[in-house]
1. Using θ = phi - 60° and the Karplus relation 6.51 cos²θ - 1.76 cosθ + 1.60, list the HN-Hα couplings for region 97-110 in order, rounded to whole Hz, with x at every Gly or Pro.
2. Considering region 133-267, what Rg and Dmax in Å follow from its alpha-carbon atoms?
3. Taking the mean number of other Cβ atoms within 10 Å as a proxy for protection, how do you rank 134-147, 261-274 from highest to lowest?
4. For GLY245, what residues show an amide H to amide H distance below 5 Å, using hydrogens built from the backbone and excluding near sequence neighbours?
5. Can you figure out the FRET efficiency of GLU123 with LYS156, using R₀ = 22 Å and their beta-carbon distance, to the nearest 0.05?
6. So how far, in whole Å, is the C-alpha centre of region 186-247 from the one of region 111-167?
7. Could you run the Karplus curve 6.51 cos²θ - 1.76 cosθ + 1.60 with θ = phi - 60° over region 233-248 and give me ³J(HN,Hα) per residue in whole Hz, x for Gly and Pro?
8. With a cut-off of at most 11 other beta carbons within 10 Å, and DSSP calling the residue loop, which trypsin sites (Lys or Arg not before Pro) in region 147-205 qualify? Please list them.
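The values are calculated or read from the model by the stated rules, or taken from the named source; none is laboratory data. Given the structure is predicted, the values throughout are model-derived calculations rather than measurements. Note that each Cβ is placed from the backbone with ideal geometry, even for glycine, and that neighbours are counted across all protein chains shown. Areas reflect the complete protein model, heavy atoms only, side chains present, ligands, DNA and RNA absent. Shrake-Rupley method; radii C 1.70, N 1.55, O 1.52, S 1.80 Å.
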Amino acid sequence: MKHKFASVAASILICFVSIAGTADVAKPQLPTEYTLGSKYTIRYDDLDLILSSTVLEVGLSDRRAASRSDKRNVTTKIRHSNMSATSFEGNRVTFDVFDDEREESLLEVRKDLEAVPDFVPFEKFSKNEQLAYWLNLHNVAVMYEVASAYPIKKIKSLAKGRKSVWDKKTMTVAGVPTSIQDIEDHVVQNWNDPLVLYGFFMGTVGGPNIRSEAYTAENVVEALKENAIDFVNSLRGFRLWSGYGRVSDHYELGVKYFPDFHEDIKSHLLKFAKNSTARQLAKTDRFRANSYDWGIADVKDGAVYHGSSFNTNPGALWAFIEVPDPAGSGGMASVPGVGTLGNDSNLMGPRFQNVNPQAMALFRGIKKRNQRRMRRTEVTVEEYVGGEGSRVTRTDAEREADTPSSIEERDDPIVAL
(Lines give C-alpha, C1' and ligand atoms only; values in the text may rest on other atoms or scores of the structure.)
Protein backbone atom coordinates (compact mmCIF):
# COMPACT_ATOMS: atom_id res chain seq x y z
CA MET A 1 0.00 0.00 0.00
CA LYS A 2 2.83 2.32 0.86
CA HIS A 3 4.50 1.65 -2.49
CA LYS A 4 1.23 2.26 -4.33
CA PHE A 5 0.73 5.60 -2.56
CA ALA A 6 4.25 6.68 -3.49
CA SER A 7 3.55 5.90 -7.17
CA VAL A 8 0.37 7.96 -7.14
CA ALA A 9 2.18 10.85 -5.45
CA ALA A 10 4.93 10.67 -8.06
CA SER A 11 2.35 10.73 -10.84
CA ILE A 12 0.70 13.80 -9.35
CA LEU A 13 4.10 15.48 -8.98
CA ILE A 14 4.92 14.76 -12.61
CA CYS A 15 1.54 16.18 -13.63
CA PHE A 16 2.21 19.40 -11.72
CA VAL A 17 5.69 19.69 -13.21
CA SER A 18 4.23 19.26 -16.70
CA ILE A 19 1.60 21.95 -16.08
CA ALA A 20 4.21 24.33 -14.66
CA GLY A 21 6.46 23.66 -17.62
CA THR A 22 3.64 24.44 -20.02
CA ALA A 23 2.92 27.70 -18.22
CA ASP A 24 6.55 28.74 -18.52
CA VAL A 25 6.53 28.38 -22.29
CA ALA A 26 6.12 31.89 -23.68
CA LYS A 27 3.65 32.23 -26.49
CA PRO A 28 5.07 33.61 -29.76
CA GLN A 29 5.37 37.38 -29.87
CA LEU A 30 4.91 39.73 -32.80
CA PRO A 31 8.28 41.03 -34.06
CA THR A 32 9.68 44.18 -32.45
CA GLU A 33 13.22 44.54 -33.84
CA TYR A 34 13.79 47.23 -36.49
CA THR A 35 16.56 48.83 -38.56
CA LEU A 36 17.37 52.53 -38.35
CA GLY A 37 17.64 54.11 -41.78
CA SER A 38 16.33 51.03 -43.54
CA LYS A 39 15.94 51.25 -47.31
CA TYR A 40 13.19 48.63 -47.39
CA THR A 41 9.71 50.01 -48.05
CA ILE A 42 6.23 48.57 -48.48
CA ARG A 43 3.96 49.85 -51.23
CA TYR A 44 0.20 49.92 -50.72
CA ASP A 45 -1.14 50.49 -54.23
CA ASP A 46 -4.04 48.06 -53.80
CA LEU A 47 -5.06 49.48 -50.45
CA ASP A 48 -4.77 53.03 -51.80
CA LEU A 49 -7.09 52.06 -54.65
CA ILE A 50 -9.71 50.69 -52.25
CA LEU A 51 -9.48 53.60 -49.82
CA SER A 52 -9.56 56.34 -52.43
CA SER A 53 -12.58 54.70 -54.06
CA THR A 54 -14.65 54.04 -50.93
CA VAL A 55 -13.77 56.65 -48.28
CA LEU A 56 -15.77 59.87 -48.00
CA GLU A 57 -13.91 62.66 -46.18
CA VAL A 58 -16.45 64.81 -44.35
CA GLY A 59 -14.14 67.57 -43.10
CA LEU A 60 -13.43 69.01 -39.66
CA SER A 61 -16.18 69.21 -37.07
CA ASP A 62 -17.44 72.60 -35.98
CA ARG A 63 -18.31 71.13 -32.55
CA ARG A 64 -22.03 71.53 -33.11
CA ALA A 65 -24.32 68.65 -32.31
CA ALA A 66 -26.04 67.11 -35.31
CA SER A 67 -29.61 68.31 -35.65
CA ARG A 68 -32.14 65.54 -35.25
CA SER A 69 -34.74 67.63 -37.01
CA ASP A 70 -32.56 67.64 -40.14
CA LYS A 71 -32.82 63.88 -40.27
CA ARG A 72 -36.44 63.51 -39.26
CA ASN A 73 -37.57 65.97 -41.89
CA VAL A 74 -36.20 63.82 -44.69
CA THR A 75 -38.55 60.87 -44.32
CA THR A 76 -40.09 58.69 -41.68
CA LYS A 77 -37.57 56.00 -42.66
CA ILE A 78 -34.76 58.14 -41.19
CA ARG A 79 -35.79 57.20 -37.66
CA HIS A 80 -33.78 54.03 -38.12
CA SER A 81 -30.52 55.94 -38.60
CA ASN A 82 -27.86 57.20 -36.18
CA MET A 83 -29.49 60.03 -34.22
CA SER A 84 -26.48 60.85 -32.01
CA ALA A 85 -24.93 64.30 -31.65
CA THR A 86 -21.83 63.12 -33.53
CA SER A 87 -23.63 61.50 -36.45
CA PHE A 88 -22.32 64.06 -38.98
CA GLU A 89 -18.71 63.76 -37.81
CA GLY A 90 -15.93 61.44 -38.97
CA ASN A 91 -15.02 60.07 -42.38
CA ARG A 92 -17.26 57.40 -43.86
CA VAL A 93 -16.88 54.26 -45.93
CA THR A 94 -19.33 53.18 -48.62
CA PHE A 95 -19.72 49.75 -47.07
CA ASP A 96 -22.85 49.09 -49.12
CA VAL A 97 -20.74 48.68 -52.29
CA PHE A 98 -18.75 45.79 -50.81
CA ASP A 99 -20.40 42.84 -52.49
CA ASP A 100 -18.79 39.38 -52.36
CA GLU A 101 -16.22 40.27 -55.02
CA ARG A 102 -15.14 43.47 -53.31
CA GLU A 103 -15.04 41.79 -49.91
CA GLU A 104 -12.70 39.24 -51.48
CA SER A 105 -10.47 42.11 -52.65
CA LEU A 106 -10.22 43.33 -49.03
CA LEU A 107 -9.38 39.83 -47.88
CA GLU A 108 -6.70 39.45 -50.55
CA VAL A 109 -5.07 42.74 -49.53
CA ARG A 110 -5.13 41.63 -45.90
CA LYS A 111 -3.51 38.29 -46.78
CA ASP A 112 -0.88 40.06 -48.88
CA LEU A 113 0.02 42.22 -45.91
CA GLU A 114 0.14 39.21 -43.59
CA ALA A 115 2.67 37.63 -45.98
CA VAL A 116 5.08 40.59 -46.03
CA PRO A 117 7.40 39.15 -43.30
CA ASP A 118 7.61 35.95 -45.37
CA PHE A 119 9.37 37.91 -48.13
CA VAL A 120 11.44 40.33 -46.05
CA PRO A 121 12.34 39.73 -42.39
CA PHE A 122 10.42 42.28 -40.36
CA GLU A 123 13.48 43.52 -38.49
CA LYS A 124 14.86 44.89 -41.76
CA PHE A 125 12.18 47.60 -41.83
CA SER A 126 12.42 50.93 -40.02
CA LYS A 127 10.15 51.52 -37.06
CA ASN A 128 8.06 54.05 -38.97
CA GLU A 129 7.65 51.53 -41.79
CA GLN A 130 6.49 48.97 -39.26
CA LEU A 131 4.04 51.39 -37.66
CA ALA A 132 2.48 52.18 -41.04
CA TYR A 133 2.27 48.45 -41.74
CA TRP A 134 0.50 47.59 -38.48
CA LEU A 135 -2.01 50.43 -38.85
CA ASN A 136 -2.80 49.44 -42.44
CA LEU A 137 -3.17 45.77 -41.55
CA HIS A 138 -5.40 46.65 -38.60
CA ASN A 139 -7.62 48.93 -40.66
CA VAL A 140 -8.05 46.62 -43.64
CA ALA A 141 -8.89 43.80 -41.21
CA VAL A 142 -11.53 46.00 -39.55
CA MET A 143 -12.94 47.03 -42.93
CA TYR A 144 -13.21 43.39 -43.96
CA GLU A 145 -15.02 42.36 -40.76
CA VAL A 146 -17.47 45.27 -40.97
CA ALA A 147 -18.08 44.70 -44.69
CA SER A 148 -18.71 41.00 -44.00
CA ALA A 149 -21.28 41.83 -41.30
CA TYR A 150 -23.00 44.54 -43.38
CA PRO A 151 -25.78 45.66 -43.16
CA ILE A 152 -25.21 46.48 -39.50
CA LYS A 153 -25.97 49.73 -37.67
CA LYS A 154 -23.90 49.40 -34.49
CA ILE A 155 -20.37 47.99 -34.29
CA LYS A 156 -20.35 47.20 -30.56
CA SER A 157 -21.56 43.62 -31.04
CA LEU A 158 -18.59 43.00 -33.37
CA ALA A 159 -15.94 44.62 -31.19
CA LYS A 160 -17.08 43.66 -27.67
CA GLY A 161 -18.26 40.56 -25.87
CA ARG A 162 -17.73 36.81 -26.23
CA LYS A 163 -18.37 36.87 -29.98
CA SER A 164 -16.04 39.77 -30.64
CA VAL A 165 -14.26 39.46 -34.00
CA TRP A 166 -11.57 41.75 -32.55
CA ASP A 167 -10.37 38.81 -30.42
CA LYS A 168 -10.42 36.16 -33.15
CA LYS A 169 -6.98 35.24 -34.44
CA THR A 170 -7.95 35.46 -38.09
CA MET A 171 -4.47 36.49 -39.27
CA THR A 172 -0.97 35.06 -39.14
CA VAL A 173 1.98 37.46 -39.13
CA ALA A 174 5.57 36.16 -39.01
CA GLY A 175 4.19 32.80 -37.91
CA VAL A 176 2.21 34.28 -35.03
CA PRO A 177 -1.60 33.85 -34.92
CA THR A 178 -2.87 37.43 -34.67
CA SER A 179 -6.14 39.23 -33.94
CA ILE A 180 -7.19 42.83 -34.42
CA GLN A 181 -6.88 43.29 -30.66
CA ASP A 182 -3.35 41.84 -30.75
CA ILE A 183 -2.33 44.50 -33.27
CA GLU A 184 -3.73 47.28 -31.09
CA ASP A 185 -1.93 45.94 -28.01
CA HIS A 186 1.32 45.48 -29.94
CA VAL A 187 1.34 49.04 -31.28
CA VAL A 188 0.43 50.60 -27.93
CA GLN A 189 3.13 48.62 -26.12
CA ASN A 190 5.91 49.27 -28.63
CA TRP A 191 5.34 52.91 -29.59
CA ASN A 192 5.58 55.14 -26.58
CA ASP A 193 3.34 57.91 -27.86
CA PRO A 194 -0.46 58.33 -27.62
CA LEU A 195 -0.40 59.72 -31.16
CA VAL A 196 -0.60 56.12 -32.43
CA LEU A 197 -4.14 55.81 -31.02
CA TYR A 198 -5.41 58.00 -33.86
CA GLY A 199 -4.33 55.46 -36.48
CA PHE A 200 -6.82 52.78 -35.46
CA PHE A 201 -9.97 52.79 -37.58
CA MET A 202 -12.66 51.06 -35.53
CA GLY A 203 -15.46 50.95 -38.09
CA THR A 204 -17.41 53.41 -35.94
CA VAL A 205 -18.47 57.04 -36.15
CA GLY A 206 -17.02 57.53 -32.67
CA GLY A 207 -13.48 56.41 -33.50
CA PRO A 208 -10.61 58.16 -35.31
CA ASN A 209 -10.85 58.78 -39.03
CA ILE A 210 -10.31 56.25 -41.75
CA ARG A 211 -8.16 58.01 -44.32
CA SER A 212 -8.48 57.98 -48.09
CA GLU A 213 -4.89 56.79 -48.51
CA ALA A 214 -2.74 54.20 -46.81
CA TYR A 215 -0.19 55.02 -44.14
CA THR A 216 3.46 54.98 -45.21
CA ALA A 217 6.72 55.57 -43.40
CA GLU A 218 6.83 59.02 -45.00
CA ASN A 219 3.31 60.19 -44.15
CA VAL A 220 2.45 58.33 -40.94
CA VAL A 221 3.49 61.04 -38.44
CA GLU A 222 1.78 63.88 -40.29
CA ALA A 223 -1.30 61.75 -40.97
CA LEU A 224 -1.62 60.81 -37.31
CA LYS A 225 -1.30 64.46 -36.32
CA GLU A 226 -4.10 65.35 -38.74
CA ASN A 227 -6.27 62.61 -37.29
CA ALA A 228 -5.49 63.82 -33.77
CA ILE A 229 -6.46 67.39 -34.60
CA ASP A 230 -9.70 66.21 -36.19
CA PHE A 231 -10.57 63.94 -33.26
CA VAL A 232 -9.66 66.20 -30.35
CA ASN A 233 -11.54 69.15 -31.88
CA SER A 234 -14.70 67.15 -32.52
CA LEU A 235 -17.47 66.10 -30.17
CA ARG A 236 -16.27 62.54 -30.67
CA GLY A 237 -13.03 63.27 -28.88
CA PHE A 238 -13.97 65.79 -26.17
CA ARG A 239 -16.95 67.74 -24.92
CA LEU A 240 -17.69 69.69 -21.75
CA TRP A 241 -20.61 68.26 -19.82
CA SER A 242 -21.87 69.27 -16.33
CA GLY A 243 -18.45 70.53 -15.31
CA TYR A 244 -16.68 67.39 -16.49
CA GLY A 245 -14.71 66.82 -19.64
CA ARG A 246 -16.21 63.82 -21.39
CA VAL A 247 -13.59 62.17 -23.56
CA SER A 248 -13.88 59.24 -25.92
CA ASP A 249 -13.71 55.69 -24.64
CA HIS A 250 -11.14 55.23 -27.41
CA TYR A 251 -8.50 56.65 -25.05
CA GLU A 252 -8.89 53.57 -22.86
CA LEU A 253 -6.90 51.68 -25.52
CA GLY A 254 -3.88 53.72 -24.43
CA VAL A 255 -4.42 53.81 -20.67
CA LYS A 256 -0.65 53.36 -20.20
CA TYR A 257 -0.12 56.81 -21.72
CA PHE A 258 -2.23 58.54 -19.07
CA PRO A 259 -1.14 57.26 -15.62
CA ASP A 260 -2.48 60.43 -13.95
CA PHE A 261 -5.59 60.37 -16.10
CA HIS A 262 -7.09 63.81 -15.40
CA GLU A 263 -3.83 65.70 -15.73
CA ASP A 264 -2.31 63.63 -18.53
CA ILE A 265 -5.38 63.51 -20.75
CA LYS A 266 -5.85 67.28 -20.45
CA SER A 267 -2.20 67.89 -21.30
CA HIS A 268 -2.51 65.59 -24.30
CA LEU A 269 -5.71 67.19 -25.60
CA LEU A 270 -4.22 70.68 -25.33
CA LYS A 271 -1.40 69.66 -27.67
CA PHE A 272 -3.90 69.36 -30.50
CA ALA A 273 -6.71 71.66 -29.37
CA LYS A 274 -7.76 74.58 -31.50
CA ASN A 275 -8.64 77.80 -29.70
CA SER A 276 -12.33 77.11 -29.14
CA THR A 277 -11.57 73.63 -27.81
CA ALA A 278 -8.75 74.93 -25.60
CA ARG A 279 -11.12 77.45 -24.03
CA GLN A 280 -13.47 74.64 -23.06
CA LEU A 281 -10.60 72.53 -21.74
CA ALA A 282 -9.56 75.44 -19.52
CA LYS A 283 -12.89 75.17 -17.69
CA THR A 284 -12.28 71.74 -16.19
CA ASP A 285 -9.62 69.54 -14.64
CA ARG A 286 -11.84 66.46 -14.30
CA PHE A 287 -12.39 63.99 -17.12
CA ARG A 288 -14.39 60.85 -17.74
CA ALA A 289 -13.94 58.40 -20.60
CA ASN A 290 -17.62 57.71 -21.22
CA SER A 291 -18.42 59.07 -24.64
CA TYR A 292 -18.59 56.89 -27.75
CA ASP A 293 -20.74 56.66 -30.85
CA TRP A 294 -20.96 52.99 -31.85
CA GLY A 295 -22.81 53.82 -35.07
CA ILE A 296 -21.24 52.33 -38.19
CA ALA A 297 -18.95 54.71 -40.11
CA ASP A 298 -20.99 54.12 -43.24
CA VAL A 299 -22.45 56.71 -45.61
CA LYS A 300 -25.89 55.09 -45.32
CA ASP A 301 -25.73 54.33 -41.57
CA GLY A 302 -25.98 50.63 -42.38
CA ALA A 303 -29.50 51.09 -43.73
CA VAL A 304 -30.97 48.68 -46.27
CA TYR A 305 -33.74 51.12 -47.20
CA HIS A 306 -32.76 52.88 -50.42
CA GLY A 307 -35.42 55.57 -50.62
CA SER A 308 -37.75 56.61 -53.38
CA SER A 309 -36.89 57.45 -56.96
CA PHE A 310 -36.71 61.08 -55.90
CA ASN A 311 -33.60 60.55 -53.78
CA THR A 312 -31.84 57.69 -55.57
CA ASN A 313 -30.15 59.84 -58.20
CA PRO A 314 -26.35 59.48 -57.91
CA GLY A 315 -25.99 62.94 -59.41
CA ALA A 316 -27.45 64.44 -56.26
CA LEU A 317 -24.25 63.52 -54.46
CA TRP A 318 -21.99 65.90 -56.34
CA ALA A 319 -23.78 68.96 -54.98
CA PHE A 320 -22.40 68.10 -51.57
CA ILE A 321 -18.91 66.66 -51.92
CA GLU A 322 -15.87 66.46 -54.13
CA VAL A 323 -14.49 63.08 -55.10
CA PRO A 324 -10.74 62.64 -54.54
CA ASP A 325 -8.65 61.37 -57.41
CA PRO A 326 -8.71 57.56 -57.10
CA ALA A 327 -5.53 57.05 -59.10
CA GLY A 328 -2.69 55.22 -57.41
CA SER A 329 0.83 56.60 -57.09
CA GLY A 330 2.25 54.13 -59.61
CA GLY A 331 5.76 52.71 -59.63
CA MET A 332 7.22 49.35 -58.69
CA ALA A 333 6.28 47.54 -55.51
CA SER A 334 9.22 46.91 -53.21
CA VAL A 335 7.63 43.84 -51.64
CA PRO A 336 6.07 41.05 -53.75
CA GLY A 337 2.39 40.35 -53.24
CA VAL A 338 1.33 43.95 -52.53
CA GLY A 339 0.07 45.54 -55.71
CA THR A 340 -1.81 42.92 -57.70
CA LEU A 341 -5.28 44.38 -58.09
CA GLY A 342 -4.33 46.98 -60.68
CA ASN A 343 -7.03 49.34 -61.89
CA ASP A 344 -10.01 47.25 -60.84
CA SER A 345 -13.01 48.74 -62.62
CA ASN A 346 -15.30 47.43 -59.89
CA LEU A 347 -13.47 49.38 -57.22
CA MET A 348 -13.04 52.41 -59.45
CA GLY A 349 -16.72 52.55 -60.32
CA PRO A 350 -19.38 54.94 -58.99
CA ARG A 351 -19.21 55.44 -55.25
CA PHE A 352 -22.95 55.30 -54.78
CA GLN A 353 -25.61 53.28 -56.52
CA ASN A 354 -28.19 55.57 -54.97
CA VAL A 355 -28.51 58.27 -52.33
CA ASN A 356 -30.82 57.10 -49.56
CA PRO A 357 -32.37 59.37 -46.89
CA GLN A 358 -29.59 58.62 -44.40
CA ALA A 359 -26.95 59.64 -46.91
CA MET A 360 -28.89 62.75 -47.87
CA ALA A 361 -29.09 63.76 -44.21
CA LEU A 362 -25.32 63.31 -43.86
CA PHE A 363 -24.61 65.37 -46.99
CA ARG A 364 -27.00 68.07 -45.83
CA GLY A 365 -25.26 68.20 -42.45
CA ILE A 366 -21.85 68.49 -44.11
CA LYS A 367 -23.11 71.21 -46.43
CA LYS A 368 -24.58 73.25 -43.56
CA ARG A 369 -21.35 72.95 -41.61
CA ASN A 370 -19.32 74.15 -44.58
CA GLN A 371 -21.69 77.07 -45.09
CA ARG A 372 -21.32 78.11 -41.46
CA ARG A 373 -17.56 77.89 -41.78
CA MET A 374 -17.62 80.20 -44.79
CA ARG A 375 -19.70 82.88 -43.09
CA ARG A 376 -17.88 86.03 -41.93
CA THR A 377 -19.53 87.81 -39.03
CA GLU A 378 -18.21 91.03 -37.56
CA VAL A 379 -17.72 91.64 -33.84
CA THR A 380 -16.63 94.76 -32.00
CA VAL A 381 -13.82 94.24 -29.53
CA GLU A 382 -12.69 96.90 -27.05
CA GLU A 383 -8.97 96.77 -26.45
CA TYR A 384 -6.78 98.73 -24.06
CA VAL A 385 -3.28 99.42 -25.26
CA GLY A 386 -0.95 101.54 -23.17
CA GLY A 387 -3.81 102.55 -20.90
CA GLU A 388 -5.88 103.92 -23.78
CA GLY A 389 -9.00 102.24 -25.12
CA SER A 390 -9.79 101.59 -28.74
CA ARG A 391 -12.64 99.86 -30.54
CA VAL A 392 -11.69 97.45 -33.29
CA THR A 393 -13.98 95.54 -35.62
CA ARG A 394 -12.74 92.13 -36.71
CA THR A 395 -14.18 89.12 -38.45
CA ASP A 396 -14.43 85.80 -36.63
CA ALA A 397 -11.62 84.43 -38.78
CA GLU A 398 -9.31 87.32 -37.91
CA ARG A 399 -10.11 87.02 -34.23
CA GLU A 400 -9.37 83.31 -34.29
CA ALA A 401 -6.11 83.90 -36.17
CA ASP A 402 -4.98 86.46 -33.58
CA THR A 403 -5.13 83.83 -30.85
CA PRO A 404 -2.03 81.62 -30.85
CA SER A 405 -2.74 77.99 -31.62
CA SER A 406 -1.86 75.49 -28.90
CA ILE A 407 -1.06 72.75 -31.42
CA GLU A 408 2.53 71.63 -31.07
CA GLU A 409 4.77 71.41 -34.10
CA ARG A 410 6.36 67.98 -34.22
CA ASP A 411 9.05 67.46 -36.81
CA ASP A 412 10.65 64.58 -34.94
CA PRO A 413 10.03 61.11 -36.36
CA ILE A 414 7.79 58.96 -34.23
CA VAL A 415 10.49 56.30 -34.23
CA ALA A 416 12.45 58.44 -31.77
CA LEU A 417 9.62 58.57 -29.26
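1. For region 97-110, the Karplus-derived couplings read 7, 7, 6, 4, 5, 6, 4, 4, 4, 4, 5, 5, 4, 4 Hz, x marking Gly and Pro.
2. Radius of gyration, then largest Cα-Cα span, for region 133-267: 15.2, 50 Å.
3. Numbers: 134-147: 24.3, 261-274: 18.2.
Descending mean neighbour count gives 134-147, 261-274.
4. Amide H neighbours of GLY245: ARG286, PHE287, ARG288.
5. On the way: r = 37 Å, r/R0 = 1.68.
Taking R0 as 22 Å, the efficiency between GLU123 and LYS156 is 0.05.
6. 16 Å
7. Each residue's phi maps through the Karplus curve to give 8, 10, 5, 5, x, 7, 8, 8, 8, 6, x, 9, x, 8, 10, 5 Hz.
8. Details: sites: LYS153, LYS154, LYS156, LYS160, ARG162, LYS163, LYS168, LYS169; in loops: LYS153, LYS160, ARG162, LYS163, LYS168, LYS169.
Answer in residue order: ARG162, LYS163.
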